[in-house]
Each structure stands twice: as structure tokens, then as C-alpha cells.
Amino acid sequence: MIAALAPGAGIAAFAAIASLAALAGCAPGVFEGGIDDGSTGARVAAIERIERTTNRAEIPKVVECLASNDPVVRETAFRCLRNMTGETLGYRPDDPPLKREAAVGRWVEWCRQQGMAPGESS
């Protein structure tokens, strides 16, 4: 018998597994790449690296990930931004696309106000 998972539990479980695998150095090559990589594992690992190092210069790249079609990438990016800035700006990773798009716009404006326009990170 398979137990039912709470909404979002699968996303959180995948993110946790991806984090552990990246930290443990499992499966060389699986998480190579960066935040601009197409693979979920590489993007999640890159976002979590940014959060661990508190590299605020990379916040605009994380903001761009809020618009990802991948729910795991969106959830990880949201958690990173919330932890690094203390802000949510009304963004919820599981909101419908139009609500997410409006919230991403608020994050882009927040970046501009901080002197960090998306696309200008190092």
C-alpha cells in the first residue's frame, strides 16, 4: 500500500535528496553545471550553494528561477530568497502562473531597488 503524500511533499523530498547527494558528492557529474543548467539537480544544487554562501550578488539569478516551469526549482529558489532576504513579496511556488508572474515582477523590482538587476549577477 502506498501512503498518500501531503501536497508539496514530493517536491520537498526531491529537494532534500538532491541536497544530500550534492553534499555527499554522490554520482559524479549528476549535479555538475550551474544555475543556468537545464537539469533540475544542477539548478537546485547551484541555488543551495548560493544560499549556503549567502552570495547576495547571485540573488538576481535566483529570482529568475522563480519563473521556472520546474516546481522543484521554484520551491528551492523561493526558500533561498526567503532565507537570504527575509522577504516573500507575495510569491508562492504553487500559485497559478499569472499570480507567480506578478510576484516575480515584484522580486525583479526589489532587485532593482537593491541595485541588483536580474541578468547582472557575477
Residues of region 72-94 satisfying the condition of being surrounded by fewer than 16 Cβ atoms within 10 Å (Cβ to Cβ), touching a helix residue (DSSP H, G or I) at 6+ places or on another chain (Cβ under 8 Å) and more than 15 Å from Glu109 (Cα to Cα): Asn83, Arg92, Asp94
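For region 58-79, how many residues meet the condition of being part of a helix (DSSP H, G or I) and polar (S, T, N, Q)? Spell out the reasoning first.
We begin by selecting, within region 58-79, every residue part of a helix (DSSP H, G or I); these are 58-65, 71-79.
Filter again for polar (S, T, N, Q), leaving 76.
Of the residues in region 58-79, 1 are part of a helix (DSSP H, G or I) and polar (S, T, N, Q).
Coordinate-derived values only; no laboratory data. In this text, all values refer to a predicted model and were calculated from it rather than measured experimentally. No Cβ is skipped: glycine too gets one built from the backbone with ideal geometry, and neighbour counts run over all protein chains shown.
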